[in-house]
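Asker: Attaching a single structure in structure tokens format; questions to follow.
The values are calculated or read from the model by the stated rules, or taken from the named source; none is laboratory data. Because the structure is a prediction, the values reported are computed rather than measured. With ideal geometry, Cβ positions are generated from the backbone for all residues, glycine too; neighbour counts draw on all protein chains shown. Ligands, DNA and RNA are excluded from the accessible area calculation, which covers all protein heavy atoms including side chains. Shrake-Rupley method; radii C 1.70, N 1.55, O 1.52, S 1.80 Å.
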Amino acid sequence: MQWEVEALEPDELQRLVLAAVDRDVLARQVAREEAQRRALAAFSNGWDAAGGGARS
């Protein structure tokens, strides 16, 4: 089945996607992405503290 995504209302598109996605897999992926964001922020903060972010 095909749909033109642009023709769908945002709420309907979200409903369709969530109905097709395994919620456990989605939850694990969201948690993994959040952990990656925290790791990147920690690296960036450490880089800045060490002078790595300073412009010359």
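Asker: For the pair Glu34 and Ala49, how long in nm is the line joining their label points, each one 7 Å along Cα→Cβ?
Answerer: Calculated label separation equals 2.3 nm.
Asker: Which part of the range 2-29 falls in the paramagnetic zone of Ala41, meaning amide N under 20 Å from the point 7 Å along Cα-to-beta-carbon?
Answerer: Under cut-off, by backbone N: 27-29.
Asker: Here's a follow-up. Hey, of (1) 1.89; (2) 1.09; (3) 1.25, which did the structure itself give for Cα Rg over 2.2 N^0.38 Å when calculated?
Answerer: So the structure-derived entry is (1).
Asker: Could you work out how far helix 10-20 tilts from the main Cα principal axis of the chain, as a 0 to 90 degree angle to the nearest 10?
Answerer: 90
Asker: Given a 1.4 angstrom probe, what's the average accessible area per residue across the chain, in square angstrom?
Answerer: Spelled out: the 1.4 Å probe surface of the chain, per residue, equals 95 Å².
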